[in-house]
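Visitor: The structure under discussion is supplied below as structure tokens; questions concerning it will follow.
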Amino acid sequence: MTSSRRDFLARSAQLGVLLGAGIPILQACGSDSGSSGPVADPIADGLEPEKGPLRVFNYDSYVNPDVVAAFEAQYGVKVEITTFTTDTEAVTKLASKAIEVDVHHSMAATSIDRLIAGGIVQPLNKSYIPNFENAFDALKDPWYDKGSAHSVPYNFFGTGIGYRADRIDPAQVEEQGWDTLWNATDFKGQVSVLDDEREALVMAMMRKGIFDVNTTDQAIIDQALADLSELIDRVSVKVNIEAYKNIPEGATTVAHTWSPDLINAYAAYLPEGTDPAVLGFWHPPAGEYLVTNDSMGVVAGCKNPVLAHLYINFLLDNEIAEQNFSWVGYLPALSKFDADYVIGAGYVPENLRACVPTTEEIEKGLYLKPIGADGDAKYTAAWSTFTSGA
């Protein structure tokens, strides 16, 4: 996982810009034609690609430069990448027409419905995206965009516990689950939770058997805050997004973190000569596992809609996706890249098989969804209380 993408996951909620409050802005902007609301029709079949340059909107370092160069060479065009730091920033700039781009490369699941409703992204013509068939079946009809009418999945990951298997018994982690964080009293100062208010508070809820991960019940949020706050005295908990390097380097023993962090720990941060078996990852069973993905879409009214479709199709090619994965560190949301494949190809060691969500885990996954301005405010207030004491 790239550091810039980690930074987004941590900072998007902290900025205090509530996406729920952005719906009127999106609807007011609409498409280039001045209309508001969803764009009704995709582009026609059989059109020739434009001459470019293709303008891509993406996080920094979230696509392999060699992949971009290969697309440029294949289609004889230039690709210009404009970057953003948070999903909120991306939505705001698109809605205000502060930028002109063709492809939104990395749409968060929690904002796609707003982008559709505001006429910011247009329906896709799948005749230009035959590689869509390579996508996980479980992500072809996602909750945020039925039938993938406006988006295609880019990558996917889940949330669990990363740990040092040479310090804590994997069987113990499997038995204790989320309680592992609270029970790690032998590792004071070496325990961390994600610097993300929804992720951390929801984790505390799931520990108590509450799996409505989009609840706005104040009593449940307050109890999650109280439970999370216990970690301050019990284990001197750290709040960060650096498990990808802190675990392999030994500064952290137990971390609430994202699955790609352990893949990247193995690939890039494990000290030379260290056995990969020191790394471990646990997550809850299917139906209790928090998973998510980013998606790609075509911006409504863009100058290069055919080329935009072709770029998306290019990223969904199995060989191109593998080249991209080897550099970015995120698992492509394509059916080829199951645990057996990425382990056999040497990208992931066998002991980190759990870092690759299965089809069942994706199908039954728990997903963070928009909870509106009032809901966001409740989580933000609780998080502020927790972090002020941590």
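No value in this document is a laboratory result; all are computed from the given coordinates. Since the structure is predicted, the reported quantities are computational estimates derived from the model, not experimental observations. Don't worry about glycine lacking a Cβ; one is built from the backbone with ideal geometry, like all the others, and counts go over all protein chains shown.
Visitor: Would you grab the residues whose amide H sits under 5 Å from the one on Phe84? Only those 5+ places off in sequence or on another chain, please, with H modelled 1.01 Å from N.
Guide: Sorted by chain and number, the residues that satisfy this are Asn58, Tyr59, Asp60.
Visitor: Among the aspartates and glutamates, which fall within straight-line cross-link reach of Lys188, defined as a Cα-Cα distance under 14 Å, with same-chain neighbours fewer than 8 residues apart omitted?
Guide: Qualifying aspartates and glutamates at Cα under 14 Å: Glu230, Asp233.
Visitor: Pairs of Cα atoms under 8 Å, at least six residues apart: use those to get the relative contact order of the chain, whole percent. Don't jump to the answer; show the numbers that get you there.
Guide: Details: 753 pairs, mean separation 105.5, N = 390.
It comes to 27 percent, rounded to a whole number.
Visitor: Another one. List Cys355, Cys302 from most exposed to least, where exposure is judged by having the fewest other Cβ atoms within 10 Å.
Guide: Values: Cys355 29, Cys302 21.
The fewest-first ordering by Cβ neighbours comes to Cys302, Cys355.
Visitor: Sticking with this structure for a sec: If you average the sequence gap of Cα pairs under 8 Å that are 6 or more apart and divide by the length of region 54-134, what percent do you get for the contact order?
Guide: Details: 65 pairs, mean separation 29.2, N = 81.
Reported as a whole number, the value is 36 percent.
Visitor: Can you tell me the order of 267-273, 323-329, 254-260, 184-190 when each peptide is scored by its average per-residue count of other Cβ atoms within 10 angstrom, highest first? Provide the component values of the computation, followed by the final result.
Guide: Values: 267-273: 12.1, 323-329: 19.6, 254-260: 27.4, 184-190: 15.7.
My ranking of the peptides, most packed first, is 254-260, 323-329, 184-190, 267-273.
Visitor: Can you classify region 154-290 as rounded, prolate or oblate using the Cα gyration tensor, where a ≥ b ≥ c are the square roots of its eigenvalues, rounded means a/c under 1.5, and otherwise it's prolate if a/b beats b/c and oblate if not?
Guide: prolate
Visitor: When only DSSP loop residues count, what trypsin sites (Lys or Arg not before Pro) in region 333-390 have their Cβ near at most 16 other Cβ atoms within 10 Å?
Guide: Numbers: sites: Lys336, Arg353, Lys364, Lys378; in loops: Lys336, Lys364.
Here the sparse-neighbourhood loop sites are Lys336, Lys364.
Visitor: Mind scanning Lys51/Lys97; Lys140/Lys303; Lys245/Lys378; Lys97/Lys245; Lys51/Lys146; Lys78/Lys245 and naming the pairs with a C-alpha gap bigger than 29 Å? Intermediate results must be reported in sequence, preceding the final value.
Guide: Numbers: Lys51/Lys97 22 Å; Lys140/Lys303 27 Å; Lys245/Lys378 31 Å; Lys97/Lys245 38 Å; Lys51/Lys146 32 Å; Lys78/Lys245 35 Å.
Where the Cα-Cα span goes over 29 Å, the pairs concerned are Lys245/Lys378; Lys97/Lys245; Lys51/Lys146; Lys78/Lys245.
Visitor: Less than 9 Å Cβ to Cβ from Trp383, Lys/Arg counted +1 and Asp/Glu -1: what total charge do the surrounding residues give?
Guide: On the way: positive: Arg198; negative: Asp196, Glu197.
The answer is -1.
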